[in-house]
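Okay, so here's the structure we're looking at.
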Amino acid sequence: MKIRSPWWLVVLCFLAVSAVASAGKMPAVGDRLADLRLPTPESADTRDYLGLPPSDAFPVTAIAGKILVIEIFSMYCPHCQREAPAANRLYQAIQDSEPLRDRVKMIGIGVGNSTFEINHFRKHYSILFPLFPDEDFTVHKAIGEVRTPFFIVAALGPKDNGRILWTGSGSMGALETFMARLNDLARDGAP
Amino acid sequence: MKSSRRCLALPIAVALLSALALCAPCLGASLAMEGMIYDPGPLKPVDSELTVKVGDPAPPFALPSLKGETISLERYLGRRNVILSFVPAAWTPVCSDQWPGYNIAKDLFEQYDAVVLGITVDNLPTLFAWTHQMGDLWFPVLSDFWPHGETARRYGVLRTDGTAERALFIIDKTGMIRFILVSDINRRPDLGAIVEALKTIHATGAK
């Protein structure tokens, strides 16, 4: 009996393995941030805050600063809705802090959300920091499909290049605790 | 024989790859429902045939709501545009993350004189427990449990397993269907598409 591997089965296995391999793992302290590319904001003020030149898209590690806080959220997630005022207070506290203002940047990524949906979330909760859509779940898959909300704190700059310093699932916790953490990390990461 | 094997190869390959592509985003991502969602895996995107089309009069219904009322479509005639949001079933992925989004879009809908009616084929106790996890929903949640899925059937969105499609119908103040969107059951429809349709209906419909 002649045994021959059908060509389509080989191709299918390859594609299946590729699909599984492309799914990212959950961010962990010490890892590098996955290669997350986001659409460049149209607003010049937002590009200025993030230190980005005009372009179509950018990797999150290109954001200017020492530390990046990312909130992974969804407009459709009740916990993210409840967390929105707290996330706003965190951004405001960072902006009000002389040592942190230029060193720490903060963004939100709306998994499964369209541009319309993140804009509605921004308007509904008067969100102060930049939000980005992840309509086709590309970012969500790259970071291990974490549940929302999820917070990532990563080190920026050519040396650290997105080294993850802290992660947290669910509520960001007390503002004072989060700010103390950022102050410690900014101090540790200082040249 | 060889050609029949080849005929089978393509659908099998497509089915497997579709399942791989769908498995991630079909899961409910919110912590609010963690540990409570029954995941049936990727489902056939659409499993029913519409019995109505844009321009038809909307089939009437009267269904029990979570607040203890019976809500009929008729009560909104001449007063409000109505968004019927059918979702497949309680405690399933995607559905559990859909209505909480509409919960913060009240102002968008009201801007166009529209109300949302959320409908599933579940019974009221199940809907009570499920929607309780979403916070307080501002819109009526209706049970199309008995006769099972009768309203979904009249609109042609009752699936063969007794659940409903993930479907949206917008009915204007004259009772006419103006917009239909039967989504892939594994995907959530974009809020922007609903608002865009409402804008057109509001601009061209009875005030």
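Kindly evaluate B:R178 against the criterion of being among the charged types (D, E, K, R) and within 15 Å of the chain's Cα centre (by Cα). Lay out the reasoning, then the answer.
Details: among the charged types (D, E, K, R): yes; within 15 Å of the chain's Cα centre (by Cα): no.
No: the conditions fail for B:R178.
Within the set of pairs 6+ apart or on separate chains, which have a first residue in region B:177-206 that is open to solvent by 10 Å² or more (accessible area, probe 1.4 Å), a second that is acidic (D, E), and C-beta atoms under 6 Å apart?
If the second residue must be acidic (D, E), the pairs left are B:R178/B:D172; B:V182/B:E165; B:G205/B:D172.
Looking at region B:124-153 only, could you name the residues that are in a loop (DSSP other than H, G, I, E, B), open to solvent by less than 30 Å² (accessible area, probe 1.4 Å) and closer than 26 Å to B:L50 by Cα?
Answer for region B:124-153, where residues must be in a loop (DSSP other than H, G, I, E, B), open to solvent by less than 30 Å² (accessible area, probe 1.4 Å) and closer than 26 Å to B:L50 by Cα: B:F139, B:D144, B:G149.
So which of A:I164, A:I152 ends up being in contact with an Asp or Glu (Cβ under 6 Å, 6 or more places away or on another chain) and of a type outside the set (S, T, N, Q)?
Working: A:I152 fails: in contact with an Asp or Glu (Cβ under 6 Å, 6 or more places away or on another chain).
Testing whether each residue is in contact with an Asp or Glu (Cβ under 6 Å, 6 or more places away or on another chain) and of a type outside the set (S, T, N, Q) leaves just A:I164.
Tally time: how many residues in region B:176-197 are closer than 21 Å to B:K106 by Cβ and out of contact with any helix residue (DSSP H, G or I) (no Cβ under 7 Å at 6 or more places or on another chain)? First the steps, then the outcome.
To start, the set of residues in region B:176-197 that are closer than 21 Å to B:K106 by Cβ comprises B:178-179, B:181, B:188-197.
Narrowing the set further to residues that are out of contact with any helix residue (DSSP H, G or I) (no Cβ under 7 Å at 6 or more places or on another chain) leaves B:189, B:193-194, B:196-197.
The total comes to 5.
Do you know which of the residues in region A:102-112 that are more than 9 Å from chain B (Cβ to nearest Cβ) and free of Cβ contacts under 8 Å to residues at least 40 places away in the same chain is surrounded by the fewest Cβ atoms within 10 Å (Cβ to Cβ)? So that I can check it myself, show each step before the final result.
Initial filter on region A:102-112 (more than 9 Å from chain B (Cβ to nearest Cβ)): A:102-110.
Narrowing further to those that are free of Cβ contacts under 8 Å to residues at least 40 places away in the same chain: A:102, A:106, A:108, A:110.
Details: A:D102: 12, A:M106: 25, A:G108: 24, A:G110: 29.
The extreme case among them is A:D102.
So if I check each of A:R122, A:R147, which one is surrounded by 20 or more Cβ atoms within 10 Å (Cβ to Cβ), without any contact (Cβ under 8 Å) to a residue 24 or more places away in the chain and within 12 Å of chain B (Cβ to nearest Cβ)? Before the answer, list the steps.
On the way: A:R122 fails: surrounded by 20 or more Cβ atoms within 10 Å (Cβ to Cβ).
So the residue among A:R122, A:R147 that is surrounded by 20 or more Cβ atoms within 10 Å (Cβ to Cβ), without any contact (Cβ under 8 Å) to a residue 24 or more places away in the chain and within 12 Å of chain B (Cβ to nearest Cβ) is A:R147.
Looking at region B:107-123, which of the residues that are surrounded by 16 or more Cβ atoms within 10 Å (Cβ to Cβ) and assigned to a helix (DSSP H, G or I) is farthest from the other protein chains (Cβ to nearest Cβ)?
At the first step, the residues of region B:107-123 found to be surrounded by 16 or more Cβ atoms within 10 Å (Cβ to Cβ) are B:108-109, B:112-122.
Still in the list and also assigned to a helix (DSSP H, G or I): B:108-109.
Numbers: B:L108: 7, B:F109: 11 Å.
Selected residue: B:F109.
Out of the residues in region A:125-140 that are open to solvent by less than 30 Å² (accessible area, probe 1.4 Å) and at the interface with another protein chain (Cβ under 9 Å from one of its Cβ atoms), which is farthest from A:V60 (Cα to Cα)?
A:F137
Name the helices (runs of 4 or more DSSP H) wholly within region A:65-128 that hold at least 3 residues that are under 19 Å from A:T46 (Cβ atoms)?
Details: elements: A:78-96, A:98-101, A:115-125.
Helices (runs of 4 or more DSSP H) meeting the threshold: A:78-96, A:115-125.
Taking into account only those residues within region A:150-191 that are open to solvent by 30 Å² or more (accessible area, probe 1.4 Å) and of a type in the set (D, E), which is farthest from A:S97 (Cα to Cα)?
So the residue we want is A:D188.
Taking the stated definitions as given, is B:R166 open to solvent by less than 50 Å² (accessible area, probe 1.4 Å), closer than 12 Å to B:F86 by Cβ, within 14 Å of chain A (Cβ to nearest Cβ) and among the charged types (D, E, K, R)? Outline the logic, then answer.
Details: open to solvent by less than 50 Å² (accessible area, probe 1.4 Å): yes; closer than 12 Å to B:F86 by Cβ: yes; within 14 Å of chain A (Cβ to nearest Cβ): yes; among the charged types (D, E, K, R): yes.
Criteria met by B:R166.
The values are calculated or read from the model by the stated rules, or taken from the named source; none is laboratory data. On a predicted model such as this, the values are computed, not experimentally measured, just so you know. With ideal geometry, Cβ positions are generated from the backbone for all residues, glycine too; neighbour counts draw on all protein chains shown. Just the protein is used for accessible areas: all its heavy atoms, side chains included, with ligands, DNA and RNA removed. Shrake-Rupley method; radii C 1.70, N 1.55, O 1.52, S 1.80 Å.
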